[in-house]
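Written below as structure tokens is the structure these notes are about.
No lab work stands behind these numbers, since they all come straight from the coordinates. Values in this document were obtained by computation on a predicted structure and should not be read as measured data. Note that we place each Cβ from the backbone using ideal geometry, even for glycine, and neighbour counts take in every protein chain shown.
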Amino acid sequence: MTKITVKANGPYLVEGADVVDETGAAFPVEAGKPIALCRCGASKKKPFCDGTHVSIGFKSTETVAVFKAK
Ligand code: FES
């Protein structure tokens, strides 16, 4: 089962999935390890998180409770 965790003030943490480009070619990732995908837009290693979200002070507010309230 694929699981995507929306990290507070950080990346999407993806478990149990491959990451492919628009042609279907797979990005090299370590098998069996979670993958962190950038959602702040500032990573220099997109689509992966490189930790830049910390230095730019990326803040997120998404939670299930907020989503249900809309
Ligand atoms: S979420 Fe980590 S660099 Fe963008």
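Residues that are in a loop (DSSP other than H, G, I, E, B), within 15 Å of the ligand (Cβ to nearest atom) and closer than 15 Å to THR5 by Cα within the range 41-70 comprise CYS49, SER60, THR61, GLU62, listed in sequence order. Summed over the range 4-40, the residues that are loosely packed, with under 15 Cβ neighbours inside 10 Å, assigned to a loop (DSSP other than H, G, I, E, B) and of a type in the set (A, V, I, L, M, F, W, C) give a count of 7. Being within 12 Å of the chain's Cα centre (by Cα), of a type in the set (A, V, I, L, M, F, W, C) and more than 12 Å from the ligand (Cβ to nearest atom): is that true of VAL6 here? No, not satisfied. Residue count for the range 28-40, restricted to those that are away from the ligand (no atom under 11 Å from the Cβ) and either under 14 Å from the mean Cα position of the chain (by Cα) or of a type in the set (D, E, K, R) (or both): 5.
Of the conditions (1) touching a helix residue (DSSP H, G or I) at 6+ places or on another chain (Cβ under 9 Å); (2) loosely packed, with under 12 Cβ neighbours inside 10 Å; (3) among the aliphatic types (A, V, I, L, M), MET1 satisfies every one except a single condition; which number is it? Just one mismatch for MET1, condition (1).
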